[in-house]
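Here's the structure, in structure tokens; my notes come after.
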Amino acid sequence: MTILVTGGAGYIGSHTCIELLNQGHKVVVVDNLVNSHSESLQRVEELTGKNIPFYAVDLSNEAEITKVFSEHSIEAVIHFAGLKAVGESVKQPIRYYDNNIRSTLVLCKLMQSFSVKHLVFSSSATVYGLAESNPIPETAPLSATNPYGRTKLFIEYILNDWITTFDGASVALLRYFNPVGAHASGRIGEDPQGIPNNLMPYITQVAAVRREKLSIFGNDYDTVDGTGVRDYIHVVDLAMGHVKALDALIHLTGSHVYNLGTGNGTSVLELVQAFQQATGQPIPYEISARRPGDVATCFADSSKAERELNWKAVRGIVEMCRDSWKWQKENPNGYK
Ligand code: NAD
Ligand code: UFG
């Protein structure tokens with residue numbers, strides 16, 4: 001199949017392009033490079049030996065995106081494009097609503113006019129808000145605590161409405177837990193701009209002595225050691241989840257939601273420990289105040305994806321740490 005991958009130059013998108021190409025699909029990428037480098041796609045081409053038609057345009061630019069649909073026989077779309085920094089979304093809510101929602105509306109409109117019937121959407125565990133219990137199933141109540149989360153929630157509602165008007169079409173809403181790790185080659189990985197917000201890239205930068213020490217946000221949560229517990233998932237497992245979702249969507253109609261996580265919770269201190277063991281790098285840390293908006297624990301019930309998509313995450317914490325570190329070590333300045 002020919003798959004349009006929006007946001008394909010980004011972290012999860014670039015890893016998914018590799019898995020799609022390895023499965024024999026053709027890939028076309030649209031990405032405005034607001035949070036990525038085209039170098040990632042060149043490296044995907046090197047790793048796979050395949051060519052990727054690339055459009056460096058904004059997904060909300062209807063005229064440009066019409067051209068993309070006209071020039072390729074697109075059969076399905078995987079939609080990663082979006083802004084994703086929680087803190088930034090609080091400061092720039094209109095930018096987030098405009099970018100994430102408007103681009104999705106343009107995409108839906110063009111998919112329908114070009115009769116492209118299958119869409120995989122990057123949602124997030126953030127749509128569970130402050131979940132009351134763990135593991136979290138897809139049926140848990142939905143809410144959002146910041147503008148970024150609300151864009152994910154609103155887009156889920158929009159896609160659910162849209163799909164009922166599009167005969168024979170199907171959409172998969174994939175709610176990711178905490179993606180970490182990198183391709184085993186060390187050639188592609190996460191390349192955050194400025195100071196990383198997320199734990200794993202911060203740890204790898206401390207290991208590389210780019211940052212002095214890690215601040216652990218709170219050690220008084222009701223968890224195994226007082227630090228926050230999350231469901232870290234290797235980005236290559238996550239990428240495979242998209243391929244499996246696409247395989248399933250071809251035979252489905254309507255909207256289908258799946259959690260993509262491992263089902264295992266790991267605390268901040270456990271992750272730090274695992275990283276030190278896996279890489280031999282010391283991670284100095286201090287305990288600081290809780291980060292506003294953080295929940296104590298968040299991990300997935302991913303049994304639906306296992307049952308219905310025949311997908312399961314297979315890479316463990318050690319592999320996640322080792323691959324994150326290999327990427328950081330071999331690309332100290334990311335793609336620059
Ligand atoms: P990323 O920033 O690396 O990738 C997103 C890509 O979209 C970037 O390459 C960016 O340049 C591009 N983009 C943004 N707005 C665009 C627009 N209007 N037009 C064209 N391109 C645009 O982020 P990622 O970690 O790869 O995340 C991919 C998707 O998964 C995002 O939608 C994100 O919200 C979602 N998600 C990420 C995480 C995470 O922790 N990484 C967790 C849950 C969900
Ligand atoms: N943490 C620290 N120090 C840091 C960074 C994080 O102690 O420097 C802690 C946090 O308090 C939390 C854990 O590490 O307990 C994980 O934090 P991340 O920022 O890596 O991840 P979050 O679970 O907060 O959020 C991520 C994405 C969200 C997404 C969510 C669920 O950033 O966008 O996963 O998918 F919604």
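Overview of values
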| quantity | calculated |
| --- | --- |
| Test item: Cα-centred dipole of the chain, Lys/Arg +1 and Asp/Glu -1 on Cβ, debye | 380 |
| Charge dipole (debye, nearest 20) of region 183-294; +1 at Cβ of Lys and Arg, -1 at Cβ of Asp and Glu | 280 |
| Cα gyration tensor, the chain - rounded (a/c under 1.5), prolate or oblate | prolate |
| Region 6-47-region 122-166 distance, computed between alpha-carbon centres (Å) | 25 |
| Phi-based couplings in Hz for region 188-203 (Karplus 6.51, -1.76, 1.60; Gly and Pro marked x) | 10, x, 7, 10, x, 7, x, 6, x, 8, 9, 5, 4, x, 5, 4 |
| Candidate residues VAL224, VAL236: accessible-area rank, largest first, probe 1.4 Å | VAL224, VAL236 |
| Shape category assigned to region 22-62 from the gyration tensor of Cα positions, a/c cut at 1.5 | oblate |
| Table column - 3J(HN,Hα) (Hz), region 315-324, Karplus curve with 6.51, -1.76, 1.60, x for Gly and Pro | 8, x, 4, 4, 5, 4, 5, 4, 6, 4 |
| Computed lengthening from GLU132 to ARG210, 0.36 nm per intervening residue step minus Cα-Cα distance | 24.4 nm |
| Estimated distance in nm for a label pair at VAL57 and ASN310, the labels positioned 7 Å out from Cα along Cα-to-Cβ | 3.7 |
| Accessible surface, 1.4 Å probe, highest first, among residues GLU132, GLU46 | GLU132, GLU46 |
| 222 nm mean residue ellipticity, helices alone, for the chain (DSSP H n ≥ 4; -39,500 (n - 2.57); rounded to 500) | -11500 deg cm²/dmol |
| Net lengthening on full extension, VAL295/SER38 (0.36 nm per residue, minus Cα-Cα) | 89.0 nm |
| Distance violations [Cα-Cα > 20 Å] among LYS26/LYS117; LYS84/LYS329; LYS91/LYS152; LYS26/LYS312; LYS213/LYS329 | LYS84/LYS329; LYS26/LYS312 |
| Spin-label pair THR253/ASN160, simplified geometry with 7 Å Cα→Cβ offset, distance in nm | 2.0 |
| Paramagnetic reach from THR2 in region 25-58 [backbone N under 16 Å; point 7 Å along Cα→Cβ] | 25-30, 51-55 |
| Net dipole in debye of region 250-336 [+1 Lys, Arg Cβ; -1 Asp, Glu Cβ; about Cα centre; nearest 20] | 180 |
| Whole-number accessible area per residue in Å² for region 228-336, which is evaluated in the context of all protein chains at 1.4 Å | 44 |
| Antiparallel content of DSSP bridges confined to the chain, in %, to 5 | 5 |
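The values are calculated or read from the model by the stated rules, or taken from the named source; none is laboratory data. Values in this document were obtained by computation on a predicted structure and should not be read as measured data. Using ideal geometry, Cβ is built from the backbone for each residue, glycine included, and neighbour counts are taken over all protein chains shown. Please note that ligands, DNA and RNA were not included when accessible areas were found on the heavy atoms of the full protein model with its side chains. Shrake-Rupley method; radii C 1.70, N 1.55, O 1.52, S 1.80 Å.
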